[in-house]
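Down below is the structure, laid out as structure tokens.
The values are calculated or read from the model by the stated rules, or taken from the named source; none is laboratory data. If you're wondering where the values come from, they're calculated on a predicted model, not measured in any experiment. Cβ coordinates were reconstructed from backbone atoms using ideal geometry, including for glycine residues, and neighbour counts include every protein chain displayed.
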Amino acid sequence: MSVPLTLLGLLERESSHGYDLKRDYDTFFGRGKPLPFGQVYATLGRLARDGKVMVSEVGPGEGPDRKRYVITGRGATDVETWLTEPVEPEPHLQTVLFAKVVLALMLDRPAADYLDTQRAAHLQRMRELTEVKRTGGLVDALLADHGLFHLEADLRWIDLTAARLDTLADEVSRASEIARVKANRR
Amino acid sequence: MTPIIEASDVALSFGPTPALRGASVTAAAGEILAVMGPSGSGKSTLLHCLAGILVPDVGVVRFEGRRIDTLGESDRSALRRDRFGFVFQFGQLVPELTAVENVALPLLLGGAKRAAAVAEARIWFGRLGLDGLEERRCGELSGGQAQRVALARGLVARPRVLFADEPTGALDSLAGEHVMEQLTGAARDEGTTVILVTHEPRVAAYAQRGVIVRDGRVTTLTPPQEVTA
């Protein structure tokens, strides 16, 4: 999971305080592993240093949460590139793909197209491994098989997710609404 | 790329239910094309339209540049017999015939003499690692063996296009792999175009190119030039 890119994606949706970013990250991507506040602010600091976010206002009082962060053009380009380009096909990608799909739905981007791009990249890698099996010895073939079975598992997840995008979009939208109501009560 | 077979904006409904809604796909001579998609997406219907088994309500199907969707049933039947080969999920061997008689069947239907047809069929038993199984009936063959006999039957008449609909769907991983190696190897040697319908990514990986059918439409999967981490 890429925390900086995920935070940038959340900021593309709307400018936020660090506290709100942490809350949304934990809601959608934390899954029992909340992001420490220290990591949120350290990451935002690095993103600001690299010109990918900027501070739009600083409220009264003490503490880092006074700052409201806004994504810059450079940050938005990073998010766009990250979402549209497939991840290098290797096993155990589900969490990265999951983050991309959820963010794409939040940002009203074509999540189905991104999944197709990833599917094409996976199939290309599977073709290469199938060719290794065809031309190599048994040891190479068994190693290729190991990769093939894992890539196939990723592809099955992609297929299942693609088939459930509409339902997932509803759930993401509902969760965003609940988070917004909670934030307004704060 | 000059396509050997193509469907353009093909639509077909079964009663009120649309199966294809403007599907387009092409395959080049000698190409192995995987047609993927979830159950009920229309991928088998598309294969049946390309093979002249079904006639689309709308759209055009061409084989070697000629329209085949406008041909009558007998012409399409002759086309299927003479130019196309087929392999389905459950081999569909004729149980009353021996394995070699099953393989010889397309040649016999095409008018070949029995001795010549059986002699030609026997060659395929050697090519596909089926030596010694010629006189068995399908009940005496394993699933993998039966499917390779079905593959031999699909290729014996040296078709220009082989249509394979879930050819490994009823087999375990190893037997399925064996069938796919034989299928793609023989197709490469013969220069046969293969339209391979499958929902299994490992089977699709034997093809050079993939398309996905969703809700009766076709999306081409274009591999990225460069994959970034």
Check region B:151-159 and report whether any residue there is touching a residue at least 60 places away in the same chain (Cβ under 8 Å), touching a Ser or Thr at 6+ places or on another chain (Cβ under 9 Å) and of a type outside the set (A, V, I, L, M, F, W, C).
-> yes
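Each row is one residue, and each column tells you yes or no for (1) of a type outside the set (A, V, I, L, M); (2) crowded, with 19+ Cβ neighbours inside 10 Å.
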residue: B:Cys138; (1), (2): yes, yes
residue: B:Ser142; (1), (2): yes, no
residue: B:Arg148; (1), (2): yes, yes
residue: B:Val156; (1), (2): no, yes
residue: B:Ala170; (1), (2): no, no
residue: B:Leu174; (1), (2): no, no
residue: B:Met180; (1), (2): no, yes
residue: B:Leu183; (1), (2): no, yes
If we scan region A:87-108, do we find a residue that is at the interface with chain B (Cβ under 10 Å from one of its Cβ atoms), without any contact (Cβ under 8 Å) to a residue 40 or more places away in the chain, of a type outside the set (Asp, Glu) and touching a Lys or Arg at 6+ places or on another chain (Cβ under 9 Å)?
-> yes
Identify all residues within region B:28-42 that are under 16 Å from B:Arg217 (Cα atoms), more than 12 Å from the chain's Cα centre (by Cα) and touching a residue at least 40 places away in the same chain (Cβ under 8 Å); write none if there are none.
-> B:Met36, B:Gly37, B:Pro38, B:Ser39, B:Ser41, B:Gly42
Might you let me know whether region B:202-216 holds any residue that is within 23 Å of A:Gln124 (Cα to Cα), more than 10 Å from chain A (Cβ to nearest Cβ) and surrounded by 20 or more Cβ atoms within 10 Å (Cβ to Cβ)?
-> yes
Checking B:Lys43 against (1) surrounded by 16 or more Cβ atoms within 10 Å (Cβ to Cβ); (2) touching a Ser or Thr at 6+ places or on another chain (Cβ under 9 Å); (3) over 27 Å from B:Glu190 (Cα atoms), which single condition isn't satisfied?
-> (3)
Filter result (under 21 Å from A:Asp159 (Cα atoms) and not polar (S, T, N, Q)) within region B:26-46 = B:Leu33, B:Ala34, B:Val35, B:Met36, B:Gly37, B:Pro38, B:Gly40, B:Gly42, B:Lys43, B:Leu46
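If you go through region B:84-121 one residue at a time, how many are among the small types (Gly, Ala, Ser), in a helix (DSSP H, G or I) and under 22 Å from B:Val161 (Cα atoms)?
Looking only at region B:84-121, we keep the residues that are among the small types (Gly, Ala, Ser), and these are B:85, B:91, B:99, B:104, B:110-112, B:115-117, B:119, B:121.
Narrowing the set further to residues that are in a helix (DSSP H, G or I) leaves B:99, B:104, B:115-117, B:119, B:121.
Filter once more, keeping what is under 22 Å from B:Val161 (Cα atoms): B:104, B:117, B:121.
The total comes to 3.
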Of all residues in region B:10-23, count the ones that are surrounded by fewer than 14 Cβ atoms within 10 Å (Cβ to Cβ) and either of a type in the set (Gly, Ala, Ser) or touching a residue at least 40 places away in the same chain (Cβ under 8 Å) (or both).
-> 1
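Here is a yes/no grid of residues against (1) touching a Ser or Thr at 6+ places or on another chain (Cβ under 9 Å); (2) over 22 Å from A:Gly18 (Cβ atoms); (3) at pLDDT below 90:
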residue	(1), (2), (3)
A:Gly63	no, no, yes
A:Gly73	no, no, no
A:Phe98	yes, yes, yes
A:Arg127	no, yes, no
A:Leu138	no, yes, yes
A:His146	no, yes, yes
Filtered residue count, region B:25-75, keeping only those that are in a strand (DSSP E or B) and charged (D, E, K, R) = 3
When residues of region B:163-201 are filtered for being away from every other protein chain (no Cβ under 13 Å) and over 15 Å from the mean Cα position of the chain (by Cα), how many remain?
-> 5
Residues that are surrounded by fewer than 22 Cβ atoms within 10 Å (Cβ to Cβ) and either of a type in the set (Asp, Glu) or more than 14 Å from the chain's Cα centre (by Cα) (or both), drawn from region B:84-99 = B:Val94, B:Pro95, B:Glu96, B:Leu97, B:Thr98
Quick check: is even one residue across region B:75-85 at pLDDT 95 or above and touching a Cys at 6+ places or on another chain (Cβ under 7 Å)?
-> no
Selection from region A:130-143 of residues more than 7 Å from chain B (Cβ to nearest Cβ) and crowded, with 19+ Cβ neighbours inside 10 Å yields A:Lys133
